[in-house]
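See structure below.
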Amino acid sequence: MWAGQECYIIGGGDSLRGFDFERLRGRRIIAINAAYRFAPWADVLFFGDTHFLARHGTHLDQFGGIVVSSSRDHHNTPGVLTLSKRNTEGISADPLIFNWNRSSGGCAIDLAVRFGVRKITLLGYDMQLSPDGRNNFHDHYPPRKPNKKHNPYGRFVLPYPRLARDLERLGIVCVNAVGVPESRIDAFRKVKLEDVC
């Protein structure tokens with residue numbers, strides 16, 4: 001679908017707070033979860049959360065791109081393309097099964113590879129809470145009470161060394177555009193967010 005092109009994947013990290021998403025207009029975009037609300041012209045919305053549509057489905061009529069989910073619960077949901085996934089790390093060698101990579105952010109990289117891209121730029125892949133304890137750059141998820149036990153980023157970051165090796169083997173460049181807080185993913189070359197586009 002995007003053979004030889006560059007793709008930008010928009011995650012949810014707090015480093016994107018205040019980012020001007022219009023700078024990405026006209027580029028190939030995969031928006032993860034509620035990030036599509038800030039880039040409604042994105043090519044693809046990808047989500048893995050079973051409850052995502054219940055919270056955000058009323059806004060999808062403003063989204064003109066492809067909606068893709070890894071949640072089996074949406075297999076028969078009109079307008080949602082459901083992919084088969086397995087709880088494995090890295091880029092899947094099976095063209096019909098995607099690797100979950102422990103999070104929607106990791107799985108979206110596998111999805112981008114299927115589109116035939118030559119370069120991936122990650123945005124908002126902080127993999128940590130913001131300095132003031134936020135999970136996301138936006139407020140489109142219900143607030144959670146502070147809970148040190150609910151901090152999934154330690155496991156979310158684990159697949160990235162394997163992803164980096166697989167992408168290098170496939171000849172696909174991946175860079176991590178960082179702001180503040182800086183991403184905990186060290187497997188890819190980091191570039192300044194303001195230099196991305």
### Query
Condition test on Ala39, is it farther than 20 Å from Arg169 by Cα, small (Gly, Ala, Ser), touching a Lys or Arg at 6+ places or on another chain (Cβ under 9 Å) and free of Cβ contacts under 8 Å to residues at least 40 places away in the same chain?
yes
### Message
For segment 127-135, check the following and say yes or no: at least one residue is among the polar types (S, T, N, Q) and out of contact with any Asp or Glu (no Cβ under 6 Å at 6 or more places or on another chain).
### Response
yes
### Query
Where residues in segment 17-35 are within 14 Å of Ser104 (Cα to Cα) and of a type outside the set (Gly, Ala, Ser), which of them is surrounded by the most Cβ atoms within 10 Å (Cβ to Cβ)?
Ile30
### Message
Looking at Ser130 and the list (1) over 26 Å from Arg165 (Cα atoms); (2) at pLDDT 90 or above; (3) not in a helix (DSSP H, G or I), which single condition is not satisfied?
### Response
(2)
### segment 17-34 - residue that is at pLDDT below 95 and in a helix (DSSP H, G or I) and, of those, nearest to the chain's Cα centre (by Cα)
Asn33
### Message
For segment 95-122, give me each residue that is in a loop (DSSP other than H, G, I, E, B), surrounded by fewer than 18 Cβ atoms within 10 Å (Cβ to Cβ) and modelled with pLDDT of 95 or more.
### Response
Phe115, Gly116, Arg118
### Message
I'm trying to understand the selection: among the residues of segment 170-184, which are in a loop (DSSP other than H, G, I, E, B) and either at pLDDT below 95 or crowded, with 23+ Cβ neighbours inside 10 Å (or both)?
### Response
Gly179, Val180, Pro181, Glu182, Ser183
### Task
Return yes when Ile91 is among the aliphatic types (A, V, I, L, M), farther than 25 Å from Pro40 by Cβ and surrounded by 14 or more Cβ atoms within 10 Å (Cβ to Cβ) and no when it is not.
yes
### Query
Arg55 is checked against (1) surrounded by fewer than 21 Cβ atoms within 10 Å (Cβ to Cβ); (2) of a type outside the set (Ser, Thr, Tyr); (3) within 27 Å of Leu170 (Cα to Cα) and fails just one. What number does that condition carry?
(3)
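The values are calculated or read from the model by the stated rules, or taken from the named source; none is laboratory data. Since this is a predicted model, take the numbers as computed values, not measurements. We place every Cβ from the backbone using ideal geometry, glycine too, and count neighbours over all the protein chains shown.
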